[in-house]
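In what follows, a single structure is set out as structure tokens and then discussed.
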Amino acid sequence: MPEQHPPRTGSDLVVECLHTEGVDLVAGVPGTTVMDLIDSLARQSDIRFVHTRHEQVAGFLADGVSRAGGLGVALVSRGPGAANAAIAVHNAYDESVPFLLLVGQVPGSITERRSFEEMDVVATFTPMSKWAVEVHRADRIPELLQRAIRTAVTGRPGPVVVSLPLDVLQAEVPPDVVPARRVRTFPPGPAPDAVAAAVRVLGEAERPALLVGGGGAGRSAELTRLADRLGAPLVTTWLRQSTVSHEDPAFLGALGYGAHDVTEEVVRAADVLLAVGCRFSEFSTKRWTLVQPGTRIVHVDVDPVELGRVHLPAVGLVADAGLAAAALADALPEPPVGRRDRVAELRQRYLAATSLDSPALAGDDPAGKVSSTAVVQALQAVVDREGTLLVQDAPSFGPWSHRYLRLPRPGSFSGSAGGAMAWGFPAGLGMALARPDLRVVTVSGDGSFWMVAQDLETAVRERIPTVNVVVNNDAYGNTRDRQRSAHGGRYLGVFYGNPDFAGFARSLGAFGARATTDDEVGPAIQAALDQDLPAVVEVVQDQMYGLPPGLLPPAAR
């Protein structure tokens, strides 16, 4: 008898569409309404399915894939599964990261009956995504999936959520319904008249400054050339300090929590500010107080909505950051005498402030356990190596790396500016899967890591050799510091007990090491890098140890 093949279904068509769009990995958690889709993934070999232990992790992992240059896709079931993934969607939306969340939905025949785990996916995710849509006919899967992916990656990137009812996934699909052709639009360049207007304003400046945000990622050559041609210092927004090399003579640091005085002075003193690919966020602008009222702004962004949202620009350019930077650099004359000398003077002040031998660190007292200075030194050795990528979660250690870590190569660091704890470890897994040529090292606080630590088993099972540095102070450090500075030291809800993280790692088949003194940190990280296993390096700090000397947490307002 001839071999019998199952009928081609909506689930099969979804997988075909993903393959056409270049997707080679889907992360997710099984559930009733996505079992047909998982079965379709099981019957092919082009797309790898990585199942995680929590939907939040699947979403963050997809986020990491996208940040590393791929297209991240997460797959979750209805109701609780979708709700668990919402934090990843919210974080990606806030940080303009494209990824696709596929949500299994109850069949259309029983909607609006409050059926088991039913949720209005579109209503839930619309406020926190670039687009949310539900597919009601299997023959529209190619059209809507292609549009969803195109929407996620075009213009200002962002997450898109697609709800797939079970009856649509199970529906038989005729042979003539095929994936839509992959389409990508070219980013817009700046209008010539806008470039000319911007050059006029920039030419009138005495103290120009270049502020670069996340929209400038991957365009370091154009941006550093623009800074040189303008004769201006270059600073980045919060946690986007890897947009350019820190060895560039125009680089003066990153704004945001932990910024040096000289970095903030660059923006505060500017009479003309050229802002490229940034949205003037709360942390980068010290709650919108850093840019002075008299400063004229030339603002470049691919999203016209951002031009004037916070500060009205003298000139607004709707354009891709790299294309605009190249056009402006071509159009600018040589800078006036003295501009580059001013940049060189500011640069010397910045280098002195970021030195680990700075007098500002003389008061650092780790109470006999590991100092953050030692952690920075160990991580500096990591980022100095070719082929490494440092991923920073949202730990209280963050201001230390923000202030003192120097990144010699653009794109060698990734940090979460969306505020979601527990992003770092799963995002690092996604980056490692998308870029197997890189060795990924993540840095998390103990609070963040323990929120998603169960997925260290996923790393072991899937053989993802990330090195995870866990800075352990048995506390939610950021909240502890706020209670110390703003609430008279009345601590509540910030201290807890932790396991032996290195022992926990070994129990799952990963490599585990523990550093309790300064001189143990570097060798422990090196030992982890020497493995081909996932690794946890636990760095033990004092429970009350935290911010760099002289730095206070921003007040809750």
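What follows is calculated from the coordinates using simple rules that are stated; it is not laboratory data. Remember, predicted model here, so these are calculated numbers, not experimental data. Glycine gets a Cβ as well: all are built from the backbone with ideal geometry, and neighbour counts include every protein chain shown.
Across region 490-541, Cα pairs under 8 Å and at least six residues apart give a relative contact order of 38 percent. Overall form of region 1-149: oblate. Here a/c, set by the Cα gyration tensor axes a ≥ b ≥ c, is 1.5 or more, and a/b is not larger than b/c. Taking Rg/Rh (Cα atoms, Kirkwood Rh) as the quantity of interest, determine which of [x] 1.08; [y] 1.27; [z] 0.99 was computed from the displayed structure. So the structure-derived entry is [z].
As a footprinting exposure proxy, order Ser444, Ser242 by other Cβ within 10 Å, with the fewest listed first.
Working: Ser444 29, Ser242 23.
The order, fewest Cβ neighbours first, is Ser242, Ser444.
Protection proxy ranking, highest mean first, for peptides 545-555, 332-342: 545-555, 332-342, where packing is the per-residue count of other beta-carbon atoms within 10 Å, averaged.
Let me make sure I get this right: for region 192-353, a, b and c are the square roots of the gyration tensor eigenvalues over alpha carbons, sorted descending. Under 1.5 in a/c it's rounded, otherwise prolate if a/b > b/c, else oblate. Which is it? It would help to have the intermediate numbers written out before the result.
Numbers: a/c = 1.35, a/b = 1.12, b/c = 1.21.
Verdict is rounded for region 192-353.
Normalised by the residues of the chain, what does the relative contact order come to in percent, with Cα pairs under 8 Å and at least six apart? It would help to have the intermediate numbers written out before the result.
Numbers: 1226 pairs, mean separation 71.4, N = 557.
Answer for the chain is 13 percent.
Go ahead and estimate [θ] at 222 nm for the chain from helices alone: -39,500 (n - 2.57) per DSSP H run with n ≥ 4, summed, over the residue count, rounded to 500.
Numbers: 20 runs with 201 residues, N = 557.
After summing the helix terms and dividing by the residues of the chain, the value is -10500 deg cm²/dmol.
Shown for Glu16, Glu118: other C-beta atoms within 10 Å of each C-beta, ranked fewest to most, produce the order Glu118, Glu16.
When each of the peptides 283-289, 425-431, 249-255 is scored by how many other beta carbons lie within 10 Å of its residues on average, the order from highest to lowest is 425-431, 249-255, 283-289.
Taking the centroid of alpha carbons for each part, region 128-198 and region 293-336 are 28 Å apart. The distance between label points at Glu334 and Val178 comes to 5.9 nm (points 7 Å beyond Cα on the Cα→Cβ vector). Taking every alpha-carbon pair under 8 Å whose residues sit at least 6 apart, region 1-96 reaches a relative contact order of 30 percent.
Under 1.5 on a/c is rounded, so check that first for region 219-304, then, if it is not, pick prolate when a/b is larger than b/c and oblate when it is not; a ≥ b ≥ c are the square roots of the alpha carbon gyration tensor eigenvalues.
Details: a/c = 1.34, a/b = 1.20, b/c = 1.12.
In terms of gyration-tensor shape, rounded.
Considered as an equivalent ellipsoid built on the Cα gyration tensor, region 289-344 has semi-axes of 23, 18, 9 Å, the largest given first. For the chain, the share of DSSP beta bridges that are antiparallel, to the nearest 5, is 5%.
For a footprinting-style exposure proxy, rank Lys369, Lys130 by other Cβ within 10 Å, fewest first. Each step should come with its number before you reach the end.
On the way: Lys369 17, Lys130 23.
Lowest to highest Cβ neighbour count: Lys369, Lys130.
For Leu317, the residues whose modelled amide H falls within less than 5 Å of its own, excluding neighbours fewer than 5 places apart on the same chain, are His299, Val300, Asp301.
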